[in-house]
Amino acid sequence: MTFNPLQERGIPLDRQLRNWRELNVTPIDPDHGDPYTRCRIIALNGIEVESIMFSHQFARHCPDPAVKQQLAEVRYIEAQQQKVVNWLLPGLASVLETTIAYEQVAVDLTAWVARMEPDPYLKRAYEFGVLEDFDHLYRYANLYEMIEHRKAEKIVDNLTEVTPGRPTYLHHRHPVDNVREPYDKNVVDPLSRLHALTIMAAEQQTMNFYMNVGPTYMEPIARQLYQEIGLIEEEHVTHYESLVDPGETWWEQLLTHEYNECYLYHSFMETESDPKVKAVWELHLNMELEHLRLAAEMFKRHDGREPEQVLAPVLPAPVTFEPNKAYLRDLLTNTIDFTTIGTGYVRDMHERFEGWQAAIHGGEKPPSEVVIDENRGKSGREYRLETEGPHPVSSLRADRDD
Ligand SMILES: [Fe+2]
Ligand SMILES: [Fe+2]
Ligand SMILES: [Fe+2]
Ligand SMILES: [Fe+2]
């Protein structure tokens, strides 16, 4: 059955407002649920936050009061959706538990997108980035064991392995080398636009989260690790946002944002295991269909083109949270030693990279290394969750001598 969001009818905008009782959703159970339900919640929160911030930016560049009003009306509903989605997360979970879930999202969502991406240059950008968030998961899991005395398998539940990726200290690159080449809006596959927007939104929310929660810790190593990884998420936002063609008009971007919201709510509705959460995805999909219709009207009026000229003819296959263990192990084996140079990738160190590394590390071990040393000292060994055998890269095995 094909689902074309441009042909479907949604809920009229004047019936989308929810009262306090309707906004007061019951959160998921943090200990007995599908970890991928929490991942879907986090991913859609990132999408809603992006839709709100994009709409604000649009409004700030828009001289037409009627357009500003319509943006404000839809944006208020997006803000309600964001409240409902993010409030599905339980207050019982600690900040570090949510952090580990954020990195699980980054790993399994980016790996899925990399696997499905039709354009080789874009695919490589996702494959490059995913090995870094994979390593963040391992660093935070060690912090978690050390300061909360709990194990990350309680959160990721054997769906995602926890073991070194490209080591975090090597993620600090000269900012110039984080800017990629954009796709060409005239020839790009519509699926590639959706992928770029989704991953950019996910990384942006991770960056925002770490910049806010990092200083709420008392433990110096926790404060330092959030600073270090927070700076890498800044690099990741730069990396992914630069994939988007900056020549797309505001109307075109708005249309793509609303279409992507339809795509993701539809995807997650199709794959959700928790019936209460599934009902939220379904409701929000029906709201997004109307947002899309309104965006399409504006696009036709102000951009002068038909939505079909930039959107996919049918909704692509649903975005699915599922284990990507073999795929990630393959990337570890073949691409762990990559870094960037300009808009490309190299295996070798280069002068600009070495200069940045020397300056930021200042001759000391970075927090991402100290956290592993400290946890080895406290727990007798570092934390890993290797469900598929020893690490594929021999120098990164747990029993190595160093
Ligand atoms: Fe939305
Ligand atoms: Fe990360
Ligand atoms: Fe990231
Ligand atoms: Fe929307």
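The values are calculated or read from the model by the stated rules, or taken from the named source; none is laboratory data. In this text, all values refer to a predicted model and were calculated from it rather than measured experimentally. No Cβ is skipped: glycine too gets one built from the backbone with ideal geometry, and neighbour counts run over all protein chains shown. Ligands, DNA and RNA are excluded from the accessible area calculation, which covers all protein heavy atoms including side chains. Shrake-Rupley method; radii C 1.70, N 1.55, O 1.52, S 1.80 Å.
Observations, loosely collected:
- In this structure, GLU297 and TRP87 have a Cβ-Cβ separation that, at R0 = 35 Å, corresponds to a calculated FRET efficiency of about 0.70.
- Descending principal axes extents, the chain, alpha-carbon based, whole Å: 64, 47, 39
- Top positive-direction residue, dipole computed over region 232-372 with Cβ charges, set PRO316, ALA358, VAL244: PRO316
- Here, P(r) means the percent of Cα pairs in each 10 Å bin from 0 to the largest distance; for region 257-402 it is 8, 20, 21, 21, 22, 7, 1.
- Our estimate of slack between THR333 and MET211, defined as 0.36 nm per intervening residue step minus the Cα-Cα distance, is 40.7 nm.
- With every protein chain in place, the chain: carbon and sulfur % of accessible area (1.4 Å): 54 percent
- Of LYS83/LYS276; LYS123/LYS300; LYS154/LYS325; LYS68/LYS300, pairs whose Cα-Cα distance is over 27 Å: LYS123/LYS300
- Accessible heavy-atom area order of ARG21, ARG38, highest first, probe of 1.4 Å: ARG21, ARG38
- Value of Rg to Rh for region 179-286, rounded to two decimals, is 1.07; Kirkwood radius and Rg both from alpha-carbon coordinates.
- Sequence-separation-based contact order of the chain, relative, with Cα cut under 8 Å and 6+ spacing, percent: 25 percent
- Fully extending the segment from GLU351 to ARG60, taken as 0.36 nm per residue of separation minus the present Cα-Cα distance, adds 100.7 nm.
- For the pair GLN309 and ASP14, label points projected 7 Å from Cα toward Cβ lie 3.2 nm apart.
- Near the amide H of ILE341, within less than 5 Å, lie the amide hydrogens of VAL346, all on another chain or at least 5 residues away, with H placed in the peptide plane.
- Normalised alpha carbon radius of gyration of region 2-53 [divisor 2.2 N^0.38 Å]: 1.51
- Taking the chain as a Gaussian network of alpha-carbon nodes connected by springs under 10 Å, the highest mean-square fluctuation of the residues ILE100, ILE147, ILE47 belongs to ILE147.
- In region 64-109, the trypsin sites (Lys or Arg not before Pro) that fall in loop regions by DSSP, at most 12 other Cβ within 10 Å: none
- Formal net charge of residues neighbouring ILE341 (Cβ-Cβ distance under 15 Å; K, R +1; D, E -1): -2
- Sites listed here are GluC sites (Glu not before Pro) in region 295-385 whose DSSP assignment is loop and whose Cβ has at most 14 other Cβ atoms within 10 Å: GLU364.
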